[in-house]
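The numbers here are math on the coordinates, done by the rules we state, and not lab data. What you see is a predicted model; the values in this text were computed from it and never measured. Neighbour counts are summed over all protein chains in view; Cβ atoms, including those assigned to glycine, are modelled from backbone coordinates with ideal geometry.
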Amino acid sequence: LLKILALASSSELFTLTYGALVTQLCKDYENDEDVNKQLDKMGYNIGVRLIEDFLARSNVGRCHDFRETADVIAKVAFKMYLGITPSITNWSPAGDEFSLILENNPLVDFVELPDNHSSLIYSNLLCGVLRGALEMVQMAVDVKFVQDTLKGDGVTEIRMKFVKRIEDNLPAGEE
Amino acid sequence: MDDSLLFQMLHMEMAHALCAEQEKGLGALEGVGFRVGQGLSERLTKETPSFKDELDVLKFLCKDLWITVFKKQVDNLRTNHQGTYMLQDNNFLLLSQLSNGKQYLEEAPKFLAFTCGLVKGALSNLGFDSTVTAEVPVMPSRFPPMPYRI
């Protein structure tokens, strides 16, 4: 029984650590924009390394179009690392843009934003992770939050936009 | 679902980011650990009856807390019976990604500060003030933090 208890709360470990980190960054930086930037940068660095583990374990092959990529992100990647499966909606007519809807975002368990941090994008790390990971498979994307339960929205929505295929095989240097 | 890897990567990024920005990075990192330690010990002890004595608390630290964070128990617990304890982990998760050898020995404090804070935070939440230090005698991954009880 002890072991089960310990396992259950191990998923809280990441959430707690992330929360403590954001708190610290808010102390270190003068404004929320800088915190957002820093979170995105850290996420990017995680993404470029996480993709290796993902490809090794998930066994997914090459994606033929952006729709397939969206499926893999939502159904395999999110499931594997965060234990949730966001739904995919709001495709743009050109098929180069879609939204991930997170019913619940494990990063924000136990979180409440104070009033003076209204422009803080708390979970911005996720955007960086997605951007970094996709860049490693030659895909440049724009990722941003458009809805956030922390800001009173009903759901959390991440908007992803395909920018271009990266042709040269040289990975961009880590920031 | 595997969040241990995610945690390890986050920890590594944290160590780099916080220590690169400022002189007091190690302290900041320890502070982050402290808050996590407090939160975790609160959650982990929710279902357990209160501890009888110091040794009980240390056992909780070596087993429950260590398994939750580092996926294994502490390998060795020693005490001088005067309030000093030494926990030894022979395969410490957060250092296991670093290469062997002396080369990275001076980098090690960056990767230990979080854990020192974690232990301190957990102990403080259970009513003990402590100082915790860590040393890495040999790479890879000996981890003897020493909480002194005051």
Query - Charged-residue dipole, Cβ positions (Lys, Arg, Asp, Glu), chain A about Cα centre, Debye nearest 20 - result: 580
Query raised in the report: Just how large is the dipole of segment B:3-126 about the Cα centre, in debye to the nearest 20, putting +1 at every Lys and Arg Cβ and -1 at every Asp and Glu Cβ?
Result: 200
Report summary line: With x for Gly and Pro, the residue-by-residue ³J(HN,Hα) of segment A:111-122, computed from phi through the Karplus equation 6.51 cos²θ - 1.76 cosθ + 1.60 at θ = phi - 60° and given in whole Hz, is 10, 9, 8, x, 4, 7, 10, 5, 9, 6, 9, 4
Report summary line: segment B:3-126: spread of alpha-carbon positions along the three principal axes, whole Å, largest first, is 42, 29, 27
Query raised in the report: Taking the Cα centre of segment B:3-126 as the origin and placing charges on Cβ (Lys, Arg +1; Asp, Glu -1), which of B:Val57, B:Leu26, B:Thr68 is farthest toward the positive end of the dipole?
Result: B:Val57
Report summary line: Summing +1 per Lys or Arg and -1 per Asp or Glu among the other residues with Cβ less than 11 Å from B:Leu77's Cβ gives +1
Query raised in the report: Can you work out the FRET efficiency for the pair A:Glu68 and A:Ile101, with r the C-beta to C-beta distance and R0 = 22 Å, to the nearest 0.05?
Result: 0.75
Report task. Return the distance in nm (one decimal) between the two label points of a simple spin-label model at A:Thr23 and B:Ser4, each offset 7 Å from Cα along Cα→Cβ. Result -> 2.6
Requested in this report: Have a look at A:Val22, A:Asn105, B:Phe111 and report the one farthest towards the positive end of the charge dipole of the protein assembly as shown, computed about the Cα centre with Cβ charges (Lys/Arg +1, Asp/Glu -1).
Outcome: B:Phe111
Report task. Give me the angle, in degrees from 0 to 90, between the Cα long axis of helix A:2-28 and the longest principal axis of the Cα atoms of chain A, rounded to the nearest 10. Result -> 90
Query raised in the report: What FRET efficiency do you get for A:Asp109 and A:Val146 if R0 is 30 Å and r is their Cβ-Cβ distance, rounded to the nearest 0.05?
Result: 0.90
Report task. Enumerate the amide H contacts of A:Met139 below 5 Å, restricted to partners 5 or more residues apart or on another chain; note that Pro and chain-start residues carry no placed amide H. Result -> A:Ile166
Report summary line: Two pseudo-spin positions, 7 Å from Cα along C-beta at B:Leu55 and at A:Lys37, lie apart in nanometres by 5.6
Requested in this report: Over 24 Å, how big is the tail of the calculated P(r) for chain A, in percent of all Cα pairs?
Outcome: 38
Requested in this report: Would you mind working out the magnitude of the charge dipole of the protein assembly as shown relative to its Cα centre, with +1 at each Lys and Arg C-beta and -1 at each Asp and Glu C-beta, to the nearest 20 Debye?
Outcome: 960
Query raised in the report: Applying the Karplus parametrisation 6.51 cos²θ - 1.76 cosθ + 1.60 with θ = phi - 60° to the phi angles of segment B:65-77, what ³J(HN,Hα) value in whole Hz is obtained for each residue in order, glycine and proline being reported as x?
Result: 5, 5, 5, 4, 8, 10, 6, 7, 7, 5, 7, 8, 10
Report summary line: Of the candidates A:Cys127, A:Phe78, B:Gly37, the farthest towards the positive dipole end of the protein assembly as shown (Lys/Arg Cβ +1, Asp/Glu Cβ -1, centred on the Cα centre) is B:Gly37
Requested in this report: Work out how far the C-alpha atoms of the protein assembly as shown reach from end to end along every principal axis, then list the three figures in whole Å, largest first.
Outcome: 71, 44, 42
Query raised in the report: Which GluC sites (Glu not before Pro) does segment B:1-83 hold that lie in a coil by DSSP with at most 10 other beta carbons within 10 Å?
Result: B:Glu23, B:Glu47
